[in-house]
Each structure stands twice: as structure tokens, then as C-alpha cells.
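What follows is a short report on a single structure.
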Ligand SMILES: [Zn+2]
Ligand SMILES: [Zn+2]
């Protein structure tokens, strides 16, 4: 079969690789029907994630059909259409028993496209299948479902739930890329007073409005002042960091009100300064986290009911074997306007960002 293989920093290719085989009784093999490229994949290609060994097939998000199951698999059968989660879970370790699947110590966690071959291929082996794939309702199309493998649960769990967004809150979301937009949309589920999006790219601020932001701020034009003006100089109740740079984290720490919450979602590759000399007496809660995907069943039900704006995030689609083109378009988002690229569905270009709710 073909897969997208990491060969070391800056080197990767869509090439012939061995077909995956069942290696453990808890495994399934899934034929990949739709897959996306994640910002984390770009980090891997840059060499920021040294645990990924050269020769690994990348990708941790997919929709497909189960074609083979190990003898211990109980929840799916060959022929089932499933969502492959970015997080695998053994279901037995202490963390899994608490629903903290991202920290699984029994062979799960973020393993696909990281420690084992991933989803950017014609077929993928999914370990610990019972808790790592989700049977898909027929009402959810591939392009919508694949966004629930990573970005929607990440935005919702690590941003909105960790930030404890509550009715009447002022919520600032710094970074209006795919995860930031999903955070804006899911923050709206909790009836905040307002959601403010901060980003330097005008097209992303426009998208933010269409995903439910009530106000937007160009990152270069004093977003702190806007938040101060909107909140009577108090600051935001919740600030969600969805970029992953030292300066954006530090901006978030300046925008949060006393007693407020700063939920970091961004993937950081460098140290950020924590200004404890300003923060120590302000009762601020700072959270970090890797997604657990424990909310995926809930999000799937919402998507099936048409209550999640998934499709407007899909700006580009390609056939599966155009993987390199998908990476090029996603990697040059500033020029291409890409939010999410989905491979494996018929090729067309979605030009307008139009939420479904
Ligand atoms: Zn990802
Ligand atoms: Zn576990």
C-alpha cells in the first residue's frame, strides 16, 4: 500500500510501505477513507518531535472502514465505518479509568503517527481498538467526522472545558486557526456574554466572526486594550491560547482578569516567560493539557444533529494520493487560506467559510 512516510527533518514522501497486519489481539485494521494533516505533523517534519522515528507513517486523524479485527476486539466488526481518534486508550490503566486517555500508560495515548505508523496511508493498524475507534452515525459525512478525531475535542476539552467557560463570561481566544475556531464555536455552547478572537490574519478574523466571535482584534493592534475596554478594565474571564508561541502565551496572561482562567491549547516548542511577579496575587488558574478525546461521543452526537460547524473548516480537499499537495497547501496557509485540508474525498475547493449553525 501507499503511505506518507517521515524520513527525518524536512524529508517525507508518499510511497510504497508494507501493508499493516494485526500484531495484537486488541488491534483492528482500518481502510482509510478520509484523513487530514495537523499542525502537529508540520512540527514533526520540522524536527520538533524527536521521538518520531524516521520510517514512521504520519497522521493521527482518520475516518474509514474496519477491514480486520483482532480476536479480543468487542466493539467493532469488519464493515463498520469508524472514526479513528488521535488518542488511543487501553481502558485499563489508572489514567484511562479516570477518562484521562491522553496519558494512558497501557500502550495508548498519542501513538498514531508518533510512536507507531499513523493514518496518512491507505490502511492503518489501530491498537487498543475498543476505546480508540468510534462507530460513526451515518448522518455524519467523512469530511465532518474527521474533524472530530483531534481538533474539535482538543478545542473543547483543553480550551473550553479546562477554561471552565460559563454563562456570562467574556472569553478571549488567541489564535483563529482551526483549533481556535473550534474553540470559538464550542465556547458558544455555554452562553458566554461575548467571545473575542485575536489573530494577525484578516481572513481568519473574518472566519472567527462566522464561527461566533462577537468581536475581533488584530493581534498587532493592542488586543489587551480592547479586552480592557469591553470589561471595564477587568480582563477576560477565560483566555484560550491556541497558537503556541511565547509571545501569545504572555499576551494571554496579560488579558486574564483576577480570578480568571488561562487555558493553554497551543503546542509550544520554546519556553515562555511566566510573569509570576504580576500573577502571584491575582488568583489566576493556568491549565495545560493533551486532549483525552473523552468528549468525542458527545461531539459525534452533536455533529449528527447538525449542531457543530465542522464543514466550514474544510477549505481544501484532495484525493488520498495527493498527500504531498495537501501538505503543501496546509503548510502555506498564509498564502492558500487553508484551514483544514481533507484527503480521500472527491476533489473540490470550498471557497466560502459558511458555518452550518
Ligand atoms: Zn493533531
Ligand atoms: Zn490506558
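For the chain, the pair-distance distribution built from all alpha carbon pairs, in bins 20 Å wide starting at 0, is 31, 58, 11, 0 percent. Assuming a viscosity of 0.890 mPa s and a temperature of 25 °C, what translational diffusion coefficient in µm² per second does Stokes-Einstein assign to segment 85-134, Rh being the Kirkwood radius over Cα pairs? Translational diffusion coefficient: 230 µm²/s. Ranked by how many other Cβ atoms sit within 10 Å of their own Cβ, fewest first, the residues 154, 248 fall in the order 248, 154.
If I fit a long axis through the Cα atoms of helix 178-187 and take the longest principal axis of the Cα atoms of the chain, what angle between them do I get, 0 to 90°, rounded to 10? Helix 178-187 and the main axis of the chain meet at about 60 degrees.
Compared with the dominant principal axis of the Cα atoms in the chain, helix 246-255 is inclined by about 50°.
Only Cα pairs under 8 Å and 6+ residues apart enter the sum, and on that basis the relative contact order of segment 191-282 stands at 21 percent. Scattering from segment 61-114 was approximated by placing one identical point on each alpha carbon and applying the Debye formula without solvent; log10 I(q)/I(0) at 0.12, 0.21 1/Å stands at -0.31, -0.86. With bins 5 Å wide beginning at 0, the percent of Cα pairs of segment 212-341 falling in each bin runs 2, 8, 13, 15, 17, 17, 14, 8, 4, 2, 0. From the Cα gyration tensor of segment 1-76, with a ≥ b ≥ c the square roots of its eigenvalues, which class applies: rounded if a/c is under 1.5, or else prolate if a/b is larger than b/c, or else oblate? Taking the square roots of the gyration eigenvalues as a ≥ b ≥ c, segment 1-76 is prolate.
Evaluated at 4 °C with a viscosity of 1.567 mPa s, what Stokes-Einstein diffusion coefficient in µm²/s does segment 1-150 have when Rh comes from the Kirkwood expression over alpha-carbon pairs? The diffusion coefficient I find is 85 µm²/s. Take every Cα pair under 8 Å whose residues are at least 6 apart in sequence, average their separation, divide by the length of the chain, and the relative contact order is 16 percent.
Estimated purely from DSSP H runs of n ≥ 4, each contributing -39500 (n - 2.57), the mean residue ellipticity at 222 nm for the chain is -5500 deg cm²/dmol once divided by its residues.
What number results when the radius of gyration of segment 32-85, computed over Cα atoms, is divided by 2.2 N^0.38 Å?
On the way: Rg = 14.3 Å, N = 54, 2.2 N^0.38 = 10.0 Å.
Here the answer is 1.42, to two decimals.
From the square roots a ≥ b ≥ c of the eigenvalues of the alpha-carbon gyration tensor of segment 151-300, which class results: rounded (a/c under 1.5), prolate (a/b over b/c), or oblate? In terms of gyration-tensor shape, rounded. Going from the residue with the fewest nearby Cβ atoms within 10 Å to the one with the most, 231, 315 rank 231, 315.
Computed from the coordinates by the stated procedures, all read-outs in this text should not be read as laboratory data. Since the structure is predicted, the reported quantities are computational estimates derived from the model, not experimental observations. Here the Cβ is made from the backbone with ideal geometry for all residues, glycine too, and neighbour counts use every protein chain on show.
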